[in-house]
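Quick notes on the structure that follows.
The values are calculated or read from the model by the stated rules, or taken from the named source; none is laboratory data. Here the structure is a predicted model, which means the values were calculated and not measured. For neighbour counting, all protein chains shown are included, and Cβ atoms are generated from backbone atoms with ideal geometry for every residue, glycine included. Just the protein is used for accessible areas: all its heavy atoms, side chains included, with ligands, DNA and RNA removed. Shrake-Rupley method; radii C 1.70, N 1.55, O 1.52, S 1.80 Å.
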Amino acid sequence: MTLQGTSLIGQQAVSGDRAEIRATNPATGEALEPVYRGGSQAEVERACELAEAAFDAYRETTLEERATFLETIASEIEAIGDELTQRGMAETGLPQARLEGERGRT
């Protein structure tokens, strides 16, 4: 899992041009990398347009297709593994066992 400091809008990695957004470790006060930049009005509108268009297609899927889609997302989250847990701990201060439980429930 490599964080890039970009947002995904559609299938494109986008670097915003607004103020910096940075995660902070609540236990240490350490600023975490990478830095993200807030999205512009146009980027937010584009993301909303794409989400609306995706919903139209998604609502036409069968319940089985939706279940497969959600199971695939859960599998990908599980596949990230310990890296996701470690980042979650750094960003939230929550204990490892709690975050592993949350990931497992996904």
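Return the residues of the range 1-23 that are of a type in the set (Ser, Thr, Tyr) and touching a residue at least 12 places away in the same chain (Cβ under 8 Å); say none if nothing qualifies. Result: Thr6, Ser7, Ser15.
So, Ala42, is that one more than 27 Å from Phe55 (Cα to Cα) and open to solvent by less than 90 Å² (accessible area, probe 1.4 Å) or not? It is false that Ala42 is more than 27 Å from Phe55 (Cα to Cα) and open to solvent by less than 90 Å² (accessible area, probe 1.4 Å).
Of the numbered criteria (1) touching a strand residue (DSSP E or B) at 6+ places or on another chain (Cβ under 7 Å); (2) surrounded by 11 or more Cβ atoms within 10 Å (Cβ to Cβ), the one Glu91 fails is (1). Here Ala74, Ala27, Ala67 are screened, and the one residue that is open to solvent by 80 Å² or more (accessible area, probe 1.4 Å), under 30 Å from Arg98 (Cα atoms) and of a type in the set (A, V, I, L, M, F, W, C) is Ala27. Looking across the range 13-24 at every residue that is hydrophobic (A, V, I, L, M, F, W, C) and surrounded by 12 or more Cβ atoms within 10 Å (Cβ to Cβ), the one that is nearest to Glu91 (Cα to Cα) is identified as Ala23.
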